[in-house]
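All remarks here apply to the structure that follows.
The values are calculated or read from the model by the stated rules, or taken from the named source; none is laboratory data. Computed from a predicted model, the values in this text were never measured in an experiment. Counting neighbours? That spans all protein chains shown, and the Cβs are built from the backbone with ideal geometry, glycine included. Accessible surface areas use protein heavy atoms only, side chains included; no ligands, DNA or RNA. Shrake-Rupley method; radii C 1.70, N 1.55, O 1.52, S 1.80 Å.
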Amino acid sequence: MAWVPNEEGKELAAPLPISGVSEIKEVKLYEMEASPPCVMVRSFLAYAGIAHQSILVSMPGKKEIKWSKYKKVPIVTVNGLQINDSYIIFKELSRIIFGRQLSESESRQVHEVTYGLLLAYEAEIFGNEESRSRFIATFLKGNCCFTCFIVPLIRHMLSKAPAKIKKSNPGLKSLDEYGKKIRSEMAGTFIGGSQPGPVDVMVWGLVEQARHIEVKTMESWLSRTDLMPWFKNMDGIMSSKKSIW
Ligand SMILES: N[C@@H](CCC(=O)N[C@@H](CS)C(=O)NCC(=O)O)C(=O)O
């Protein structure tokens, strides 16, 4: 049967016909370098040591994903099969990388990071003029030739983002509420237990994105939510992996 890519937030019609990392022949990641969900997915590939080709998608035309019905990033293709949305990408790749289905609570946490923590973080950084500018500086990599007209356009779009995010996610909680919940659910040294699980990599990716664009939002969040010791352990592990930048 022909492969059917998923819609945002929707499960795949069928699982990837791949059961282990050794069966992965080719991975392409369509992304924007500083986009938080793209950074999370890139972190996961780095964590698992899966080589991939990065295709930077340029705004506003997104010509690199003209072929796709789904128009957001990240998009991943594994052996030519397309998966959309960091939530589904994490769920699907977790099965292959960890060699098991995620537990019900892990799946819920992966969902809560994509549709909670990540959005609360975006609403916070895009609601602040200085962090918006820092984001734009990194975001424009890969769009250089359009820089002149793109900067005001993206600046305008991003300034509207917090209101848009809150309107489409009326139940969105504060960054700290998500952090405290994660802290209270930690199953060991890591969120996933004695070893990192997918949620550890996702949250590390968000903190790393903030560090890369030089905003303090996540660093102070780690202190306020008592997650700094966790982060240091996770950062130690990620420093032994291929850089995501
Ligand atoms: N739920 C999706 C959200 C993806 C998303 O909103 N991506 C943004 C970049 S951070 C995008 O592609 N925006 C362009 C657009 O919406 O046209 C995920 O987690 O992957």
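Tell me, in nm to one decimal, what length is gained between A187 and S220 on full extension, where the rule is 0.36 nm per residue of separation less the Cα-Cα distance?
Computed gain between A187 and S220 is 9.6 nm.
Treating only the Cα positions of the chain as identical point scatterers, give the base-10 log of I(q)/I(0) from the Debye formula at each q in 0.13, 0.14, 0.17 Å⁻¹.
-0.80, -0.94, -1.43
What lysines does K167 reach when the alpha-carbon gap must be under 26 Å and sequence neighbours fewer than 8 apart in one chain are set aside?
Hits, sequence-local ones excluded: K10, K62, K69, K71, K72, K180, K181, K216.
Through the Karplus equation 6.51 cos²θ - 1.76 cosθ + 1.60, θ set to phi - 60°, convert the phi angles of region 123-139 into ³J(HN,Hα) values in whole Hz; use x for Gly and Pro.
Working through the residues one at a time gives 4, 6, 6, 7, x, 10, 4, 5, 5, 4, 5, 5, 4, 4, 4, 7, 4 Hz.
Kindly provide the helix-only [θ] at 222 nm of the chain, computed as the sum of -39,500 (n - 2.57) over DSSP H runs of four or more divided by all residues, to the nearest 500 deg cm²/dmol?
That comes out to -15500 deg cm²/dmol.
Using the heavy atoms of the protein chains alone and a 1.4 angstrom probe, what is the accessible area of the chain per residue in square angstrom?
Averaged over the residues of the chain, the accessible area is 47 Å².
Taking the Cα centre of the chain as origin, work out the dipole magnitude from +1 charges on Lys and Arg Cβ and -1 charges on Asp and Glu Cβ, in debye rounded to 20. If you can, show how the numbers build up before the last one.
Values: 32 positive and 26 negative charges, 118 e Å.
Computed charge dipole of the chain: roughly 560 debye.
Summarise the accessible area of region 104-238 (1.4 Å probe, protein heavy atoms) by the percent that is carbon and sulfur.
Values: 3570 of 6400 Å².
On region 104-238, the fraction of accessible area on carbon and sulfur atoms equals 56 percent.
At 25 °C and 0.890 mPa s, what whole-number value in µm²/s does Stokes-Einstein give for the translational diffusion of region 104-238, with Rh from the Kirkwood sum over Cα pairs?
155 µm²/s
Which peptide among 54-62, 30-38 comes first, and what is the full order, when sorted by highest mean count of other Cβ atoms within 10 Å? Walk me through the intermediate numbers first.
Working: 54-62: 15.7, 30-38: 22.8.
The most tightly packed comes first, giving 30-38, 54-62.
Between V27 and K160, what is the label-point separation in nm under the 7 Å Cα-to-beta-carbon projection?
3.5 nm
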